[in-house]
Amino acid sequence: MRRAFLATSLLLALAATTWAQTTIQFQSPRELLTTFQTAAADGDLEAAASCFDLTGVDEASRENVVTEATADLSFLLGRIDLDLDNLPQPDNGSVVLNRYSAASGAPLGKIQLTDLDQRGWVVSSETLQALSIIATSQRELQQKNGGDEERDLSDVEAPAGLETPRASVELFLVEMNDNRIAEAAAALDLSSIPAVLQDAEGKNYAQMLFATLNRKVWVVMEDIPNDPDGDPYLLAGFPTDADSSIGKLELARGSDGGWRFTSQTIQDLPAMWRSVEHLPVLGGLKDVDQSEFDPAYWLKKRVPDNLKSGGFLSIETWKWLALALLLLASWLAGTIIRVLSRLLVSAKLRLRKASSTDAKLRALGRAASLIVNVFLVRQGLPHIGLPSNVNASILGILFFVQAFSVVWLLWTIWSVAISLTERKLTGKSEKTKKLVLPVLESLGQVIISIGVLFWLASQFVENLGGLIAGLGVGSLVIALAAKDSVENFFGSITVLLGAPFVIGDWVYVDGIDGTVEDIGLRTTKIRTFKDSVVVLPNSKLITAPVENYGQRRYRRLKTTMGLTYSTPPEKVAEFCSRVRDRLLEREDIWNDKRYIFFNDFGPSSLDIMVYCFIIAPDWKVELETRDEVLRDFMKIAEELGVEFAFPTRTIHIESSGTALPGDL
C-alpha cells in the first residue's frame, strides 16, 4: 500500500512538472522567439518544446519531433536574419515571419506564430508540420547556390527604395499608382532582356506586372519580410498542379544589394499575365489597359486569323508583312523629305545644279532621309510585336546605322556651311578661301567623328571617363601609336597659322616640285609637273624648308638672243632700244628692273641679254606672258631686218702647192 502511494505521488509530481513545463505562456512573439533561440543554443529541448504547438503529436515521437523541429527552425531563422525589435505586427492572432515556395512556384509553407488563448504565443502546428520540407528545400537551395550564398552583401549599400522585399514592393506599387513607370521599373531585374531593349521593355513589363498583381494578389505590406538579408521572397505563385507552375512572382537580392522581382519572374510574366487577363481587377485597385504594355495589341486584334499562323522563323506571317510595310513607309517618307529639302534650299540659295554646293546639299538630303528612316522604323517596331531577340538584332543594326547617319549629316552640314562661306569670300579673301576653309572643313569632320565615337563608347561603357583615366600603360601605348598623327596635326596647324602656301601655289618642298591641290589635317597633296600626285605628310612641313614659287611678286624672264656677226653695230643698238621700248609699253612687265644690253661675243653670235620680271599671279599666266614677249622680240627683229644666229662653224683650208700622194 505504501509503495503504491509513493508511486502514485511520483507520477503526479512528474505530471505536474510536465504540465508546468508545457504550459509556459509567452505574452508576445518577441518573448517566444527569445526563449526559443536561447533554448536552441543551450540544447534545452524541454524549453524548446514549450515554444511549439504540439497538438496531435503523440508522446512516443514527441522527442524526435521537437529535436528535428528545433534544428530546422534555428536554421531557417538564421537565414532570415531575424530582428526581434522589428517584428511584423500581429494580424488576427498570428504573425508570419516568412513564406516559402518550391522552384515551380507551388507554396511549401510559412513560419507562423500563433496566439493560443490558454497557451500564449507558440509556433503554429501548421508550421511544425511544414518545417522539415521547408528546411530541406532551403538547404538544397543553399548548396545549389553555394557561391552566391557565401557572398557577403552586408557591407553593400542597396539602391534607395530597394533595401528589403517590402521596400521594393512598396516602391513599385507607389510609383505605378502615380504613373511614374520608369521609376517603378527599377524594382525589376531586367538582366534577361537585351540591353538595347531594357528602357522600353522595362516600362512594358512594369505595367504588365502591375496588371497581373492587381488581378492576382491583394498585397498586405505587413506580410512581406522587411529583412535586407533574407531568402528570396515569394509574393505569389501560379501553379498549374502540385508539381508544375507557369511562373511565380518572386523577389531576390541582387549583387548591388537591391531587392527586385527576379529575372525568371520577368521571363515568365507574359505567361502569368495570360492566365489572369480574363479576371477582373481586385476591388478598388487600379487597372492598366493592355495596349499600354503591349504596343502590338491594337494590331493583333485586327489581323485576320489566317495570317496569325507560324511563318518564317516561327514568327507569325502578319508580323513579316507589317515589317515590310513599315520599311516601305519609312523609305517613302525619307525620299519625300530628301527631295523637298533639297529643292527648297537650292531655290533659296539660287544654286546651279552642277555646283559643288548643290552636290553637298544632295548628300545632306540623303543623310537626313536616312535619319528619318531609322526614326520611323524604331518607332514602329514595337507595334509589330516581334520576338525580343529579333527586335534586339534589328535595333542593334539601327543603332549603328543611326550613328553613321548622324556623322554623315553633321559632316555634310559642316561642309555646306564651308561652301557657303567660300562663296561669300570669292574675290575678297583668297587666302582664307584657299587655305583656312579647307583645313577647317577637315578639322570639323574629325571633331564630329571623335564626338560620335565617344558617344558610341558611352552607350557600352558605364564610366567612360574613369576607363580613359585608368588606362595607365595603355594610354602610353596609344600616345606612342598616335605620335605620327599628332605630328601631322600640328603640321596642318603650321600651314593654317603660318600660311606658307595655299591651294594652287607652285611649291618645292622636301625634293617635291609641283602645285598644291589639297590641304588636309594629316597630309597635303601636290601634283607634280609629270601629272603625278604626291601625298606629303604634314609633319614634313614643320622641319623641311618650303620654297613657294606661288608667292613670288614677280617672275623672272632671263634669256639671251644671238644676232648674226654680220649685223652692223647701229642695228644692234637699235634692236636693243626697240626691245626696251616694247617692254616698257607692257603693263605685265615690272618697269623697275629691265635690262636689255649687248652682253657678249658668243661663239657664233652677238649675244643680247634680256633680264626682266613678269607680273603674273600663277605659272599659267607667266607662260602666256612669256610667250607674247618672245614673239614681240621676233617681230622687232623682222622689222629691223636682223637675223638670229644659230651655231655655225667655218673651216678655212690653206693651200701650200705640195702635191698629194693621190695626184701622182
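Just a few scattered comments:
- Top-ranked residue of the stretch 56-70 - restricted to ones that are of a type outside the set (Val, Ile, Thr) and in contact (Cβ under 8 Å) with a residue 24 or more places away in the chain, ranked as least open to solvent (accessible area, probe 1.4 Å): 69
- The set of residues from the stretch 594-627 being within 30 Å of residue 503 (Cβ to Cβ) and not in a helix (DSSP H, G or I) comprises 612, 613, 614, 615, 616, 617, 618.
- Some residue of the stretch 132-139 being at pLDDT 75 or above, within 19 Å of residue 56 (Cα to Cα) and open to solvent by 10 Å² or more (accessible area, probe 1.4 Å): yes
- Scanning the stretch 371-394 for residues that are farther than 24 Å from residue 308 by Cβ and either open to solvent by 20 Å² or more (accessible area, probe 1.4 Å) or in contact with a Lys or Arg (Cβ under 9 Å, 6 or more places away or on another chain) (or both) turns up 371, 372, 373, 375, 376, 378.
- Lone qualifier among 380, 334, 365 - being at pLDDT below 85, within 29 Å of the chain's Cα centre (by Cα) and assigned to a helix (DSSP H, G or I): 365
- Residue in the stretch 573-584 that is acidic (Asp, Glu), open to solvent by 50 Å² or more (accessible area, probe 1.4 Å), farther than 22 Å from residue 506 by Cα and touching a residue at least 40 places away in the same chain (Cβ under 8 Å) present: yes
- Pairs linking a residue in the stretch 86-100 that is open to solvent by less than 30 Å² (accessible area, probe 1.4 Å) to a residue that is part of a strand (DSSP E or B) and modelled with pLDDT under 80, with Cβ atoms under 6 Å and 6 or more positions apart or on different chains, are 100/108.
- Meets criteria (under 21 Å from residue 362 (Cβ atoms), modelled with pLDDT of 80 or more and surrounded by 13 or more Cβ atoms within 10 Å (Cβ to Cβ)) for residue 448: yes
- Search result, residues across the stretch 377-399 that are touching a residue at least 40 places away in the same chain (Cβ under 8 Å) and within 30 Å of residue 443 (Cα to Cα): 396, 399
- Test: residue in the stretch 596-612 that is under 15 Å from residue 553 (Cα atoms) and surrounded by 16 or more Cβ atoms within 10 Å (Cβ to Cβ): yes
The values are calculated or read from the model by the stated rules, or taken from the named source; none is laboratory data. Just so you know, these numbers come straight off a predicted model, no measurement behind them. A quick note on method: Cβ atoms are made from the backbone with ideal geometry, for glycine too, and the neighbour counts reach across all protein chains shown. Note: accessible area is taken over every heavy atom of the protein model, side chains too, but ligands, DNA and RNA are not part of it. Shrake-Rupley method; radii C 1.70, N 1.55, O 1.52, S 1.80 Å.
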